[in-house]
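Trainee: Could you have a look at this structure, given as structure tokens, before my questions?
The values are calculated or read from the model by the stated rules, or taken from the named source; none is laboratory data. Just so it is clear, the structure is predicted and the values come from calculations on it, not from any experiment. Using ideal geometry, Cβ is built from the backbone for each residue, glycine included, and neighbour counts are taken over all protein chains shown.
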Amino acid sequence: MSQDTSPPQSPLVPALLDLEDTIQFDCRPGISCFNACCKQADITLAPYDIIRLKQRLGMSSTEFLKKHTVPFEMDASGMPGVKLRTTDEEPVCLLMTDEGCSVYTDRPSACRYYPVGLMAMRPSDAPSEEHHYCLVEESHCKGHQEPRKLTVAQYREEQGVEEYDALNRDWYQIILKKRSAGPAVGKPSPTSFQFFFLCSYDVDRFREFTRTESFRNTYALGDEDYAGFEDDVTLLQFGYRLMKQVLFGEDSIPLREGALEERIEKRREIIEARRKMEAELHRQKEDPYQNSCDG
Ligand code: SF4
């Protein structure tokens, strides 16, 4: 019996597209496969997707993440990502109903783009990243057989992705930059990933963080800034600035006078306390007799 050893067929059409390139595609009720893609959902969420969905569903970002997403690692370094949760048995999106998408006007950007894929890349000699597009042709999707032709730019406009791209752009830049720093700066620490997760996905918990004493003692922000943080999008954009400052040293948020020195002093105290504790543990291990006599 012969075995098929050929690699699985990729649904990715091997051609890079630009905004003015034409695609042939349509998706609407009446097409035989309508909603089939939502039954095979693999939707990675970007920060602005989460804001739109948590507002639409009337819940906090923390509740939304718990109820509607699953965590995954976006790359080999373990960069945290989140995907839309599906049913346990099959990859059916929980937001799909018999009538179609229950959050259609607030659907994530990956759903809007499909079957077009956005590819952001930064050539080593380029000052900023370049955007290209590609086409995904999956066997379940009959939309490619529809006669409608339009450019990638027209498709983007029709699907309303421009607002999403504008509000996720800085985040994609942060990911690219974190990746390109790569092995040169070693594996990112768990704390830096937690910080990335908080600023990227959990806007309501991030708001709580900006209300803490340690945050307010560190950054020189005014009442107006804090009032602006009540708005999810304003806070998300501040989070991008904070990530760039903390992760890459791109300073745009003023620090309180003496805050840096205070933090260094506190850190020094913690390190000293930890060193003393370790020395004591080591002494107890080396001299168990002394230890038991002391006890
Ligand atoms: S969010 Fe809506 S469009 Fe996206 S996979 Fe779910 S049901 Fe489909």
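Trainee: Could you grab me the full set of residues in segment 101-116 that are within 8 Å of the ligand (Cβ to nearest atom) and loosely packed, with under 14 Cβ neighbours inside 10 Å?
Mentor: Y104
Trainee: Sticking with this one: In segment 201-210, is there at least one residue being under 15 Å from the mean Cα position of the chain (by Cα) and in a loop (DSSP other than H, G, I, E, B)?
Mentor: Taking every residue of segment 201-210 in turn, at least one turns out to be under 15 Å from the mean Cα position of the chain (by Cα) and in a loop (DSSP other than H, G, I, E, B).
Trainee: Scan segment 73-97 residue by residue and report those that are away from the ligand (no atom under 16 Å from the Cβ), of a type outside the set (D, E) and within 14 Å of the chain's Cα centre (by Cα).
Mentor: M74, G78, M79, P80, G81
Trainee: State whether the residues of segment 184-195 include one that is buried (at least 18 other Cβ atoms within 10 Å of the Cβ) and either assigned to a helix (DSSP H, G or I) or within 14 Å of the ligand (Cβ to nearest atom) (or both).
Mentor: There is at least one residue in segment 184-195 that is buried (at least 18 other Cβ atoms within 10 Å of the Cβ) and either assigned to a helix (DSSP H, G or I) or within 14 Å of the ligand (Cβ to nearest atom) (or both).
Trainee: Are any of the residues in segment 149-164 of a type in the set (V, I, T), away from the ligand (no atom under 13 Å from the Cβ), more than 18 Å from the chain's Cα centre (by Cα) and surrounded by fewer than 16 Cβ atoms within 10 Å (Cβ to Cβ)?
Mentor: yes
Trainee: Name the helices (runs of 4 or more DSSP H) wholly within segment 215-295 that hold at least 2 residues that are modelled with pLDDT of 95 or more?
Mentor: Qualifying helices (runs of 4 or more DSSP H): 223-228, 232-248.
Trainee: Right, here's the next one. Is it the case, given these coordinates, that D26 is in a loop (DSSP other than H, G, I, E, B), assigned by TED's automatic domain parsing to the domain that holds Y155, within 12 Å of the ligand (Cβ to nearest atom) and under 22 Å from Y133 (Cβ atoms)?
Mentor: So D26 does not fit the description; no.
Trainee: Quick one: count up the residues across segment 29-47 that are modelled with pLDDT of 95 or more, of a type in the set (S, T, Y) and more than 13 Å from the ligand (Cβ to nearest atom).
Mentor: Residues in segment 29-47 being modelled with pLDDT of 95 or more, of a type in the set (S, T, Y) and more than 13 Å from the ligand (Cβ to nearest atom): 0 in total.
Trainee: Among the residues of segment 1-22 satisfying the criterion of being over 15 Å from M119 (Cβ atoms) and of a type in the set (V, I, T), which is modelled with the lowest pLDDT?
Mentor: T5
Trainee: Can I ask one more? Which ones in segment 166-183 are modelled with pLDDT of 95 or more and surrounded by fewer than 15 Cβ atoms within 10 Å (Cβ to Cβ)?
Mentor: Across segment 166-183, the qualifying residue is only A166.
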